[in-house]
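A short worksheet on the structure shown next.
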Amino acid sequence: MVAEAIQTKKRIRIDDDDDDEKTFTNDDVEMNPTLVAPDSDDCEMEFEEENPPPSPSPRNANESAIVSSSPAKFLTKPTTPASTPSNAMEEIFSPELLGQYYSRLFPFHLLHSWLSYDPSTSSTQQPNETKTITNKNKNNTFSHREFSFTIEPSPGDEIYIRYQSFTTLQELTTAVLKRNPRKIDIGAVFSHPPKDHHAHQSSQNDWRKFRPHQRELVFDIDLTDYDGVRNCGCSGANICKVCWKMMDMAVKVMDLGLREDFGFRHVAWFYSGRRGVHAWVCDEGARDLSDEGRSAVANYFEMNLETDKKQTHDLQTPLHPSFQRAYHILEPLFLRDILPESGHGILATPSAWTALLSTLPMPTASSVVESLTRKWESDDSTPLEKWDELKRYLDVLIGKGSKKSKKQSKTMELGEKQRIEVWPVATVFRYTYPRLDINVSRQQNHLLKSPFCVHPKTGRVCVPINPQKVEEFDPFSVPTLPQLMRELDEYNDDCIQEKGSGGGEEQEEKPQWEWEKTSLREPFKCFEEQFLLPLCKDLRTADRVKSEDC
């Protein structure tokens, strides 16, 4: 892992008790490769709780965002010259465009209202109002929340600043506008404000006084984990509309499982900005889970999936109810989006169906393979017809057909019979079942990219996704920074023309926020109405019940 990090990026952790900044060259890194910290291209960075960064000399609390006073700093040196980016990268993402996005479009009020878990902070506040912006929240949830910034003071150099925290929305807004971070990560709610963590680590033995005690249960699903079954031509960071359907399937299964099996009500889904999705489970019971509890929930959804090299899986008969439900959800999507040539074509060509038949349990199913191979070579049946025929042959083989087949199946070992019986389910799951980055979910202090940020590789905003309409979500229609700036200009130009022509007497209601003038309006409004308002309603109900009990 260290070797890979050195080959791609030189991200260096600077731990220093002095206030002076240090700069390490590439030669320094090669002499001491342990300086290189884990890097993440898309979403998360993890730090071991047992090795907290040492504290700097005390400074004014308002200086917490300054690089030289940061408790943890990183410098990234790309191996390729940063001064020669592609033209496409220059067009979709730049510090200037990012600064415009933060100052005009970033929904600080929505983020603050959500992460405060305080119904007194209204997300419908007007932009020119300051009451809820400047006042502290009733609880410490927001002020004890860790934020991290990845900034780029000069082209090609990245500095990663951890343990940032803010008492009010105004403090967060000011810090973001000042630092213009390429990326914002959100961490846990700690026992003390993260910016003051050094004050609660007075010795080697009692630093655990500063510890995470609350965190949303988060999930990360990335298309790179599907590379072994993506037959659309994509791999790595590349995606297309064909393989993106695998994300639709994952959201359907996970969202229903979280709600029905665990009773969670407040689950927010977001596009990662590039090739995946993130889920934030925000119920109080989820936020209070220990690391062991988080692991248990994550393991509940994890499955040992078959691959070309590993012909084993976790499925047994009878299927667990959650797997039964997932299969009912996924098989129709498998038939529509995976089997045909317009999808991944696993039964569309002789080479494809030969590869699929080779995964059947051998030698028990050898007769099925031989019969269907001869038949399909001489007919023109569709992939859907082939799938139905294959399942019928397997049913006959294990005795679900005629009396004759039942007699033949009596000589079959029970284990082989079960393997053949669950093979169709295992095949569907191999292509469609959610593939989680399990480590993201297991620990409270794991950082995850903030929703509403912009992915620097694509220039696209990490917008909310409505899980009820996930199949309508198109990652290629998510607005980019240049597009959003054009939409703002076009809106303002239209307003000027309407005023000049004397029209506009029956205009629509004036937008409260700049983002309402752009294509961000629909996803942001959906987040507010479908997720945030119900969450605040439940929080108010819980507060009322507590006050009545007292």
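Some points to look at:
- Exposure proxy order (Cβ contacts within 10 Å, fewest to most) of Tyr102, Tyr433: Tyr102, Tyr433
- Close amide-amide hydrogen proximity is noted between His192 and Arg211, each under 5 Å apart and 5 or more residues distant or on a separate chain (H modeled in the peptide plane; Pro and chain starts excluded).
- By other beta-carbon atoms within 10 Å, ranking Thr427, Thr354 with the fewest at the front produces Thr354, Thr427.
- Amide hydrogen neighbours beyond the local backbone of Arg182, cut-off 5 Å, H modeled: Thr150, Ile151, Glu152
- Annotation: peptides 256-268, 367-379, ranked by per-residue average of other Cβ atoms within 10 Å with the highest first, follow the order 256-268, 367-379.
- Shape of region 310-432 from the C-alpha gyration tensor: oblate (a/c of 1.5 or more and a/b not above b/c, with a ≥ b ≥ c the square roots of its eigenvalues).
- Remark: the Glu292-Asp549 segment gains 89.4 nm on full extension, using 0.36 nm per residue and subtracting the alpha carbon distance.
- Full extension of the chain between Asn139 and Ser154 gives 1.6 nm of extra length, using 0.36 nm per residue less the Cα-Cα distance.
- Among Met412, Met249, the ranking by other beta carbons within 10 Å of each residue's beta carbon, starting with the fewest, stands as Met412, Met249.
- Among the listed pairs Lys195/Lys449; Lys183/Lys517; Lys391/Lys417; Lys252/Lys469; Lys183/Lys457, a Cα-Cα separation exceeding 21 Å is found for Lys183/Lys517.
- Phi-based couplings in Hz for region 426-438 (Karplus 6.51, -1.76, 1.60; Gly and Pro marked x): 4, 5, 4, 5, 4, 9, 10, 6, x, 10, 8, 7, 4
- Measuring nothing but how far apart in sequence close Cα pairs (under 8 Å, 6+ apart) lie, relative to its length, region 310-432 scores a relative contact order of 31 percent.
- Approximate spin-label separation Leu319-Asn238, in nm, with each point projected 7 Å along Cα-to-Cβ: 3.3 nm
Where a number appears in this text, it was derived from the coordinates with a stated rule and is not lab data. Computed from a prediction, not measured in an experiment: that's the story for all the values here. Every residue, glycine among them, receives a Cβ derived from its backbone with ideal geometry; neighbour counts consider all protein chains shown.
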